[in-house]
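Visitor: Provided herewith is a single structure, encoded as structure tokens, for subsequent inquiry.
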Amino acid sequence: MALETTSPPRVLSSEEIVELCRRYTLYEWSAQSAVDPIAVDHARGVYFYSPDGKRYLDFNSQLMSVNAGHSDPRIVDTIKRQAEKLAYANPFMAHEPRARLGEKLAELMPGDLDKVFFTLGGAEANENAIRLARAVTGRHKIMARYRSYHGATAGAMALTGDPRRWPNDIGDSGVLHVLDPYHGPQREVDSAEASLRYLEETIQLEGPNTIAAFFLETVTGTNGILIPPDGYLQGVRELCDRYGILMVCDEIMSGFGRTGEWFAVNHWKVVPDIMTMAKGLTSSAVPLGAVGMRPKIAQHFEKNVFYGGLTYNSHPLACAAALGAIRAYEEDDMIGNARRMGEVMRRHHERLKARHPSVGLTRNIGLFGILELVKSRKTMEPLAPFNGTSEPMKAVAASLREQGLYTFVRWHTIMTNPPLCINEDQLAEGFTIIDKALEVADSAVS
Ligand SMILES: Cc1ncc(COP(=O)(O)O)c(C=O)c1O
């Protein structure tokens with residue numbers, strides 16, 4: 001397809017955009033012949049629009065990350081103002097957005113965490129958290145969990161437990177994986193006590209003095225919105241304290257209001273030693289991640305060199321965007337809205353479960369939600385295999401898309417993670433669409 005290059009450029013159609021994107025750019029986590037992207041032109045609040053005007057309700061906040069909703073003017077304006085004033089300063093400088101955001105995060109982070117290292121996104125935040133943990137403890141090994149995703153760079157991928165690691169494994173990363181309390185729809189969730197007994201035994205067998213840190217998503221995201229049983233996180237905190245292991249909570253997806261608290265750890269009043277953030281930090285308007293740390297970690301680097309750095313560390317535009325996003329969350333009480341709308345979401349989930357035999361399990365905490373579809377409520381066999389899909393799940397996904405609802409349909413699950421500014425009517429609109437799509441899934445139930 002030849003495109004004229006005279007200005008002003010001709011507006012491209014949806015088909016042209018998709019065709020050029022597919023031809024010249026590589027899509028992630030996909031065989032390229034299978035990708036079928038939606039062309040997106042503009043977005044506002046909980047909706048985005050294709051160039052030809054089709055409206056989609058964004059029930060996944062893109063990548064569980066546009067927490068403040070699309071194109072919030074408070075975020076857009078701060079970025080514009082900052083771009084005009086100072087678009088970039090290298091990370092050895094000090095500038096106002098960095099100063100203000102550092103101070104603000106120290107106020108928002110749990111417990112005594114009061115210092116951050118800024119990165120480009122989530123994976124680099126976890127990379128640097130590994131670096132901090134190893135430097136501070138002098139230990140090499142890291143524990144993480146199987147049902148987890150921590151990012152696609154080498155170290156973050158080594159932490160990742162899910163099948164995205166299989167083709168990327170570097171083998172000698174020093175990361176060992178442990179089981180989660182959750183074991184799939186057929187076995188469901190172990191008690192906190194059982195999970196902690198297993199965890200402690202693993203620590204003892206590995207050699208407690210060799211383990212620098214335990215990384216965990218506080219509420220696990222793409223692996224199934226896994227909410228820890230009460231007592232689990234407190235127990236992990238105690239085990240980490242007992243064995244001198246740093247507790248690192250990955251709040252990249254669960255942070256910034258997603259669960260109805262600023263950070264998911266707040267639900268259980270647990271203070272990690274290190275906490276990683278990204279996504280909702282800027283509501284994804286500009287890439288930014290951060291590693292938050294307690295004074296005992298920061299203190300180590302008063303005399304010891306921190307051997308890490310990034311050209312875009314503390315990027316002024318990104319820090320400004322984050323200040324705009326935090327302002328939006330605060331001014332509109334979006335964290336409280338996530339909590340309140342989370343209750344509404346729970347009722348929708350329950351209603352769908354009552355109406356549709358294909359709905360085996362539902363879960364949500366705030367606006368972090370999931371439906372697990374099954375072939376049969378008796379056996380609870382998932383409607384698609386682990387790390388796979390099935391014809392009924394493909395048909396559900398097609399129905400949602402056709403009806404103008406965007407969300408993640410992964411394996412046997414449908415995710416429900418809208419922006420935190422969503423209201424009751426918009427939630428009802430989304431669940432009416434899901435209701436209809438589930439009729440397709442019901443016909444596959446035995
Ligand atoms: C829990 C969690 N950690 C880390 C990451 C990686 O973040 P990024 O894609 O910004 O590198 C993600 C991304 O989805 C995530 O969900």
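The values are calculated or read from the model by the stated rules, or taken from the named source; none is laboratory data. What you see is a predicted model, and the numbers here were worked out from it, not measured in a lab. Cβ: placed from backbone, ideal geometry, glycine included. Neighbour counts: every protein chain shown.
Visitor: Do we find a residue being touching an Asp or Glu at 6+ places or on another chain (Cβ under 9 Å), within 16 Å of the ligand (Cβ to nearest atom), more than 19 Å from Pro228 (Cα to Cα) and touching a residue at least 24 places away in the same chain (Cβ under 8 Å) anywhere in the stretch 115-123?
Guide: yes
Visitor: For the condition farther than 17 Å from Tyr406 by Cα and touching a residue at least 24 places away in the same chain (Cβ under 8 Å), what is the one hit in Val76, Val66, Val46?
Guide: Val76
Visitor: Here's something else I'd like to know. Give all pairs with beta carbons closer than 7 Å in which a residue from the stretch 269-281 that is polar (S, T, N, Q) meets a residue that is in a loop (DSSP other than H, G, I, E, B); count only pairs at least 6 apart in sequence or on separate chains.
Guide: Every condition considered, the pairs that remain are Thr276/Glu251; Thr276/Ile252.
Visitor: Can you tell me which residue among His150, His177 is within 16 Å of the ligand (Cβ to nearest atom), part of a strand (DSSP E or B) and either under 26 Å from Trp262 (Cα atoms) or over 16 Å from the mean Cα position of the chain (by Cα) (or both)?
Guide: Checking each option against the conditions leaves just His177.
Visitor: Sticking with this one: How many residues, within the stretch 234-257, are of a type outside the set (A, V, I, L, M, F, W, C), farther than 22 Å from Arg131 by Cα and out of contact with any Asp or Glu (no Cβ under 9 Å at 6 or more places or on another chain)?
Guide: 3
Visitor: Turning to a different aspect of this structure: Confirm whether Ala135 is within 13 Å of the ligand (Cβ to nearest atom) and either modelled with pLDDT under 95 or closer than 17 Å to Gly308 by Cβ (or both).
Guide: no
Visitor: Another question, then. Is it the case, given these coordinates, that Asp241 is more than 16 Å from the ligand (Cβ to nearest atom), modelled with pLDDT under 95 and over 24 Å from the mean Cα position of the chain (by Cα)?
Guide: In short, no.
Visitor: Turning to a different aspect of this structure: Any idea how many residues of the stretch 153-172 are without any contact (Cβ under 8 Å) to a residue 60 or more places away in the chain, within 16 Å of the ligand (Cβ to nearest atom) and more than 16 Å from the chain's Cα centre (by Cα)?
Guide: 5
Visitor: Next question. Given the conditions (1) away from the ligand (no atom under 12 Å from the Cβ); (2) in a helix (DSSP H, G or I); (3) in contact (Cβ under 8 Å) with a residue 12 or more places away in the chain; (4) more than 21 Å from Glu193 (Cα to Cα), report the number of the one that Gln299 does not fulfil.
Guide: (3)
Visitor: Just to be sure I understand, how many residues within the stretch 145-187 are touching a His at 6+ places or on another chain (Cβ under 7 Å) and among the aromatic types (Phe, Trp, Tyr)?
Guide: So the count comes out to 1.
Visitor: Inspect the stretch 181-198 for any residue being within 16 Å of the ligand (Cβ to nearest atom), under 17 Å from Val219 (Cα atoms) and in a helix (DSSP H, G or I) and give the result as yes or no.
Guide: There is no residue in the stretch 181-198 that is within 16 Å of the ligand (Cβ to nearest atom), under 17 Å from Val219 (Cα atoms) and in a helix (DSSP H, G or I).
Visitor: Acidic (Asp, Glu), without any contact (Cβ under 8 Å) to a residue 60 or more places away in the chain and in a helix (DSSP H, G or I): does that describe Asp230?
Guide: no
Visitor: Another question about this same structure. Which of (1) more than 16 Å from the ligand (Cβ to nearest atom); (2) part of a strand (DSSP E or B) does Ala144 not meet, given it meets every other one?
Guide: That leaves (1) as the condition not met.
Visitor: Scan (1) among the small types (Gly, Ala, Ser); (2) buried (at least 19 other Cβ atoms within 10 Å of the Cβ); (3) under 16 Å from Pro185 (Cα atoms) for the single condition Ser376 breaks and write down its number.
Guide: (2)
Visitor: Answer yes or no as to whether Val248 is of a type outside the set (Asp, Glu), assigned to a strand (DSSP E or B) and touching a residue at least 12 places away in the same chain (Cβ under 8 Å).
Guide: Criteria met by Val248.
Visitor: Something else about it: Suppose the filter is away from the ligand (no atom under 16 Å from the Cβ) and within 21 Å of the chain's Cα centre (by Cα); does Gly260 pass it?
Guide: Judged against the criteria, Gly260 is a match.
Visitor: So which residues in the stretch 249-293 are touching a Pro at 6+ places or on another chain (Cβ under 7 Å) and among the β-branched types (Val, Ile, Thr), if there are any at all?
Guide: Residues satisfying the conditions are Val265, Val271.
Visitor: Still on this structure, please answer the following. Does Ile203 fit the bill of being in contact with a Phe, Trp or Tyr (Cβ under 6 Å, 6 or more places away or on another chain) and more than 15 Å from the ligand (Cβ to nearest atom)?
Guide: Criteria met by Ile203.
Visitor: Test each condition in (1) surrounded by fewer than 19 Cβ atoms within 10 Å (Cβ to Cβ); (2) out of contact with any Phe, Trp or Tyr (no Cβ under 8 Å at 6 or more places or on another chain) for Ala320 and report the one that comes out false.
Guide: Status for Ala320: all satisfied but (1).
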